[in-house]
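Taking it in order: structure first as structure tokens, then the write-up.
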Amino acid sequence: MYRRESEDYSIRVEPYYAPQGSEIELFLSAHRNGIPVLLKGPTGCGKTRFMEYMAWKLNLPLVTVACHDDLTASDLVGRYLIVGGETQWVDGPLARAVRVGGICYLDEIVEARKDTTVVIHPLADNRRALPVEKTGELLHAPDSFNLTISYNPGYQSVLKDLKQSTRQRFLSLEFDYPENELEQSILMHEAKVDREIASTLVRFGVMTRNLKGSGLEEGASTRLLVHAAKLIVFGIAPLDACNASITQTLTDDPENLTAIREMASSLF
Amino acid sequence: MRRQLRAVQIEEKLDELLGAVLSPSRTASGLARKLSGLEKEQQEFALHWAGVISRSNSEMAYQFVDHVCDGFRLMDMDDVTKWIIEAMDVYDRQGLYPGSASLREVETYAAKLSQKRHSVPFEDVVGILNKYVKGVSGRDLDIQSDAQAWTDTETIYLPTSFKWFDSEQLNFQLYKATGTFLLAQTRYGTFRVDPNTGVPFVCAAIAQYRDPTRALRIFESVEHMRLLSLMQAELPGLVRQMGELSASADSSLEIDGLSELLEPIRRPDSDVMDSIRILNELYHRNINVPESACYQGIVDLEKIRHVTRKRVDREKEKFRSDLAMLAESLAGPDENNEGEQGKVNVTFAVDEDDAGESEMMLMLDGQPVVLPEDMAQTANSIIQDFGEIPQEYLVPAGDGQYRKDLQADEEPPEEKKNKTEGMFYYDEWDFRRRHYRKNWCELRELDIHPSNEQVVEAILNKYSHLVRDIRKSFEALRGDNKMLRRQTNGDDIDIDAIVESYPDIHEGNEVTDRLFIKSGRLERNLAVVFMVDLSGSTKGWINDAERESLVLLSEALQTLGDRYAIYGFSGMTRKRCELYRIKTFEESYDSTVKARIAGIKPQDYTRMGVIIRHLTRKLIEVDARTRVLITISDGKPDDYDGYRGEYGIEDTRQALMEAKHAGIHPYCITIDSQAHDYLPHMYGHVNYTVVSDVRGLPLKVSDIYRKLTT
Ligand SMILES: Nc1ncnc2c1ncn2[C@@H]1O[C@H](COP(=O)(O)OP(=O)(O)OP(=O)(O)O)[C@@H](O)[C@H]1O
Ligand SMILES: [Mg+2]
């Protein structure tokens, strides 16, 4: 269930990351100053990739937790297991990251239950400590430790708002879909697709993003564009690739489907 | 295989059936010869129907047999049957002469049928096209139907139906191609305006020719080529489709020696002046102007001149008064520099940054200023007309002109009498002075005049299967099972708890009884107020759709068990702001409430700020963990006494901000297609939804509520 060696979490090969702005420098200085970081941004815009890149750059293990609404505090901090007839304490991912002084990335923090979210509070202010209630321990985070959480402000649910007392502990980095040029080079790098197709796909992405709020909940993410590009390189006809990896993924509504398909057929 | 009947066999039968109308000069043998050429099956069909028809009238039967071969040539058997039935219907209702004429006119009938079959009506495509155009252009352009396809750069007009092709698919493509082509006219400046005259260049240019019709046709075809070449770079797929739709789509102007002349309109930076210059060259040459392509639509210079004029004046005034306001607000409230605004030095520039995105820069007395969203939009529109912001726009409007609609209201509200019952006073935010006007609005709570609760039943019937779906999906929400750990009883053993207690169990100590997992629903603990726009503009469909939305919504909320209240709002001037009780938190969804929902009626205006403040107060009084305020509306805040434009928007925004500070989540559902211009500013980018089609509202409202609260 839990991996024991923090080495498992280290990233040895440089991940490809194309910066959108000054987020790398900001993150580095947040890290140096012991300030936790909040990544804001829509799905599939490179937040996870950014974290992998930062972990590699700082040469620190990266522990990622995808939060969900059943995630309890002990899922993060740790619990007892029975080993050979004896109970044995096992660290959860957060405690593990604190002990080894790595980076802990809590993805989609708003999904977690409110009572779970508060366990990070003492870690995220200048105490920088994680109380482990069940063992009575107080883990002090080494300087190299960093806590980063991510949050998608595009969610409309009123029940999934990040509390002020939580957000005001963090340095916020705003992510969005990359500018056209940058997104184009990301596609070319990630899918090895040629410039022309990359640029057409990016324009397609922008068109779908124009529909956000008038029919679509969300436009095509960079991730979806990468998917389509990969299919095209693999030999799938561009319209089929776009339909399967983007259009159908974005919506089920017949009117939206037709409108988006027509956009694609105008482009290719 | 069965063999066809021979002519003699047919003649025999026809003699029998048509005897009454035959004569030596009108025998069955000619008819029989025709029928002998048909397939066996068709022959049987014809004879069968000849028999049926002759029972009504022999002459009709004769005409039928005489024309049935043409019928089969033009139509399949089903359609031939339709033709017969329609003709017999005419005969029954109008008599022999029109009846037999219907049979004789089989070709017309067949042509009409095939046209109707493949024609695509505007209503079927407008929803898709709205989204398509929004996606492609990033703008909310209005799409309307009209006799012809054309655009005045504010609205795209498309024909009420397209039946150009014998295929729905192609007719739909034609809609799309036409819409995009008209969009391209706007986007690539076909109607760019001469800043000196306020008239589009093309209007003035065409008017100079002795034969303006010929000039316009040449211009259209040159401009067509220019636009296609620009579109080729951005929408190559569409240009290819256009080529398939119209044989004349590619440069049919391509005559010897013209290719060099046409070179400028092939460049990526071409503009309408290039087309006008080429027109001038071509006009005097003896060339044939090609037919326009099927998707080209028409250019109506008169209407364009008119619409442009109005827009140019409107935007100039708006831009200059916005500028004056901006200048005043920058000077600060304390400095008294009235009357000096004309002396502010204004410059404007559009910069392209590295990414090719353009950025507008306004400098007031050397200070860079960020344009408010609203003003940036006006600026964009002006740039679309002129290619720049003309110098005379950069002079702020003088003498506080911009305040004229508020001036009348300046005097403070008269001394308040004793608070009459059901009367509330609220402040209003004046964004220009940056302060609240104290007790500015008077609000009354009224009961809505109940109508027949049967109306609600009828709506439930109309949407019966939708109601079932809604109930189901909301039940699922309610039963959203959460694992409750460490319970004293439950469906499952909590392994974590057991493991933790393991030492105690082992050593025989007292063991906790909280060892179970229970799946139960978490209390939602949510209270929501719906505020429904009852302004005059909701008259008709919108009001119906609101009523239906409320019915479906109430069903959903009953299922869910969330606490909710519904209020309608309207009013006229700050002295008469009205809130209509439809359902309070205390009331249950009973026949009284239903009768009130049935009774909602459009009233007057939309002064939103005061309503939001009042409902905010109501919501805070309710004990709930999450409080939501949902507005259902059809447009911007708007009231009779100057509560419009930026003033109304800013007060509403302020009221929403107050609500947010009070811990309320505001959300807006609107059917105003222009809403993207102001709602993000008022509610924030994620806190609203635009429903593009009123008819979709009833379904959407519940849907949105579900998404919003999970
Ligand atoms: N700036 C970038 N540099 C390199 N690749 C990127 C960048 N942005 C996006 N990508 C590509 O997009 C994909 C999706 O990005 P990623 O998984 O990091 O998204 P995310 O923001 O974490 O999304 P989610 O919120 O759904 O978890 C990546 O696998 C990568 O291919
Ligand atoms: Mg991620």
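Couple of notes before you dig in:
- Loop-located trypsin sites (Lys or Arg not before Pro) in segment A:1-82 (DSSP state not H, G, I, E or B) with no more than 13 neighbouring Cβ atoms inside 10 Å: A:R3, A:R4, A:R12.
- Note on chain A: GNM, Cα springs under 10 Å; of A:T251, A:T117, A:T148, the largest mean-square fluctuation is that of A:T251.
- For the residue pairs A:K212/B:K131; A:K212/B:K318; B:K318/B:K636; B:K82/B:K112; B:K34/B:K116; B:K82/B:K116, the alpha carbons lie more than 19 Å apart in A:K212/B:K318; B:K34/B:K116.
- Each of A:S221, B:S275, B:S29, A:S74 was scored by other Cβ atoms within 10 Å of its Cβ. Arranged with the fewest first, they read B:S29, A:S74, A:S221, B:S275.
- Tail fraction, Cα-Cα pairs, the protein assembly as shown, threshold 43 Å, whole percent: 53
- Within the straight-line cut-off of under 25 Å between alpha carbons, the lysines reachable from A:K57 are A:K40, A:K47, A:K192, sequence neighbours fewer than 8 places apart in one chain being disregarded.
- Against the main long axis of the alpha-carbon atoms of chain B, helix B:301-331 sits at an angle near 10°.
- Full extension of the chain between B:Q148 and B:Q454 yields a length gain of 105.8 nm, computed as 0.36 nm times the residue separation minus the alpha carbon distance.
- Among A:P254, A:P131, A:P36, the residue with the largest mean-square fluctuation in a Gaussian network model of chain A, with springs joining Cα atoms closer than 10 Å, is A:P254.
- Partner shielding of B:495-503 amounts to 4, given as the average count of beta-carbon atoms from other chains within 10 Å of each residue beta-carbon.
- The angle separating the long axis of helix B:608-621 from the principal Cα axis of greatest extent in chain B is about 60 degrees.
- Tail fraction, Cα-Cα pairs, chain B, threshold 33 Å, whole percent: 68
- The alpha carbon centroids of segment A:194-268 and segment B:617-653 are separated by 37 Å.
- Once both labels are positioned 7 Å from their Cα atoms along Cα-to-Cβ, the gap between B:H661 and B:S167 label points is 6.3 nm.
- Residues B:R434, A:R96, A:R169, B:R607, sorted so that the one with the fewest Cβ neighbours within 10 Å comes first: B:R434, A:R169, A:R96, B:R607
- Put simply, the amide H of B:I143, placed in the peptide plane, has neighbours under 5 Å in B:I156, leaving out anything fewer than 5 places away on its chain.
- Computed Kirkwood radius, in angstrom, where 1/r is averaged over Cα pairs of segment B:120-299: 16.8
- Angle in degrees between helix B:58-74 and the longest Cα principal axis of chain B, rounded to the nearest 10: 70
- Global form of segment B:14-120, assessed from the alpha-carbon gyration tensor, a/c cut-off 1.5: oblate
- Three-way shape call for segment B:121-160 based on the alpha-carbon gyration tensor, with the a/c threshold at 1.5: oblate
- Distance between the modelled labels on B:K112 and A:E137, one decimal in nanometres: 8.8 nm (7 Å Cα→Cβ projection).
- Estimated at 0.36 nm per residue, the fully extended path between B:V499 and B:D313 surpasses their Cα-Cα distance by 59.1 nm.
- From phi via Karplus (6.51, -1.76, 1.60), per-residue ³J(HN,Hα) for segment A:172-182 in Hz, x at Gly/Pro: 9, 10, 8, 10, 8, 4, x, 4, 3, 4, 5
- Between A:S144 and B:K303, the simple label model (points 7 Å from Cα in the Cβ direction) yields a spacing of 7.2 nm.
- Calculated P(r) of segment B:482-521 - Cα pairs past 11 Å, %: 58
- Were the residues from B:R266 through B:D70 laid out at 0.36 nm apart, the gain over their Cα-Cα distance would be 65.5 nm.
- Peptide-level mean, for A:247-259, of C-beta atoms on other protein chains within 10 Å: 3
- As a proxy for reagent exposure, B:H48, B:H685, B:H665 were ordered by neighbouring Cβ count within 10 angstrom, fewest first; the result is B:H48, B:H685, B:H665.
- In this structure, A:H121 and B:D492 have a Cβ-Cβ separation that, at R0 = 25 Å, corresponds to a calculated FRET efficiency of about 0.25.
- Neighbouring Cβ atoms from other chains, within 10 Å of the Cβ of residues in A:207-218, number 5 on average.
- Close amide H contacts of B:N439 (hydrogens built in the peptide plane, cut-off under 5 Å, sequence separation of 5 or more or a different chain): B:D427, B:E428.
- Length-normalised contact order of chain B in % [C-alpha pairs under 8 Å, at least 6 apart]: 8
- The sum of -39500 (n - 2.57) across all DSSP H runs of n ≥ 4, divided by the residue count of chain B, sets its helix-only mean residue ellipticity at 222 nm to -15500 deg cm²/dmol.
- Using the Cβ-Cβ distance between A:F234 and A:I24 with R0 set to 25 Å, the FRET efficiency from 1/(1 + (r/R0)^6) comes to roughly 0.20.
- Here r is the Cβ-Cβ distance between A:Q168 and B:W541 and R0 is 51 Å; the resulting FRET efficiency, rounded to 0.05, is 0.65.
- Intensity falloff of segment A:2-174 expressed as log10 I(q)/I(0), Debye formula with alpha-carbon point scatterers, at q = 0.17 Å⁻¹: -1.07
- Taking A:I149, A:I236, A:I103 as the candidate residues, the one with maximal mean-square fluctuation in a Gaussian network model of chain A, Cα springs under 10 Å, is A:I236.
- Averaging Cα coordinates gives a centre for segment B:118-188 and one for segment B:559-597; these two points are 41 Å apart.
- Short-range pairs are left out: with C-alpha atoms under 8 Å and at least six residues apart, the relative contact order of segment B:7-117 is 22 percent.
- Taking amide H as placed 1.01 Å from N in the peptide plane, B:D638 has its amide H under 5 Å from the amide H of B:T606, B:R607, B:M608, each at least 5 places away in sequence or on another chain.
- Note that segment B:484-500 has calculated 3J(HN,Hα) couplings of 9, 8, 6, 9, 7, 8, x, 7, 9, 7, 8, 4, 4, 5, 4, 4, 5 Hz, one per residue in order, obtained from phi through the Karplus relation 6.51 cos²θ - 1.76 cosθ + 1.60 (θ = phi - 60°); glycine and proline are x.
- Cα gyration tensor shape of segment B:563-710, rounded if a/c is under 1.5, else prolate or oblate by comparing a/b with b/c: rounded
- Calculated from backbone phi, Karplus (6.51, -1.76, 1.60) coupling profile of segment B:630-642 in Hz, x at Gly/Pro: 10, 9, 10, 9, 10, x, 5, x, 6, 9, 5, 9, x
Bear in mind that the values in this text are calculations on the coordinates, not laboratory data. These figures come from a predicted structure and were not determined experimentally. Glycine also receives a Cβ, built like all others from the backbone with ideal geometry; neighbour counts cover every protein chain displayed.
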